[in-house]
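Read the figures in this text as sums done on the coordinates, not as results from a lab. Source: prediction; values computed, not measured. Neighbour counts are summed over all protein chains in view; Cβ atoms, including those assigned to glycine, are modelled from backbone coordinates with ideal geometry.
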Amino acid sequence: MSFTIDDAHRGLQELGIEESQPEYVPGMVLLGSLFYGPNGDRLSRWMKGCGVKGCRMRVREISRRYRENGIWDKRRIDSEPYLDEETGIMAFILDVLVGSGQAERGEGDGPLYSKTGQSMTEVAVEALQEVMV
């Protein structure tokens with residue numbers, strides 16, 4: 001059994017992320033990478049059936065953001081924060097915001113996030129508000 005586009009779509013819907021939102025494609029890329037690895041070209045081929053215009057270029061840009069922010073390296077995804085029962089969903093959503101260019105991930109005692117002019121707490125609250133609407 002393989003992880004499909006439909007599986008990813010349902011997973012994002014459960015988090016409140018719909019196709020019309022800017023977080024949708026970064027979410028698809030991040031979910032897909034958990035199953036198929038951090039390879040933008042492979043993920044572009046996997047996503048081909050989801051009807052995203054300019055998919056290959058968008059996936060490349062999102063992949064670059066994930067690498068620049070330490071979420072991906074050549075062989076692995078820093079997905080450990082997603083396993084925390086209390087904060088895992090928030091960590092995933094914040095990483096999706098990184099992929100969409102709305103936040104940056106820093107280093108510290110666990111991942112830290114920032115957005116120009118905002119603290120990581122403000123970014124987290126804003127992210128929750130957007131997906132819970």
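Which of (1) surrounded by fewer than 16 Cβ atoms within 10 Å (Cβ to Cβ); (2) in a helix (DSSP H, G or I) does Phe3 not meet, given it meets every other one?
(2)
Just to be sure, is Gly40 crowded, with 19+ Cβ neighbours inside 10 Å and of a type outside the set (Val, Ile, Thr)?
yes
I'm trying to understand the selection: among the residues of region 63-87, which are of a type in the set (Asp, Glu) and either within 11 Å of Arg105 (Cβ to Cβ) or in a loop (DSSP other than H, G, I, E, B) (or both)? Steps first, please.
Applying the first criterion (of a type in the set (Asp, Glu)) to region 63-87 yields 68, 73, 78, 80, 84-86.
Matches in region 63-87: Glu68, Asp73, Asp78, Asp84, Glu85, Glu86.
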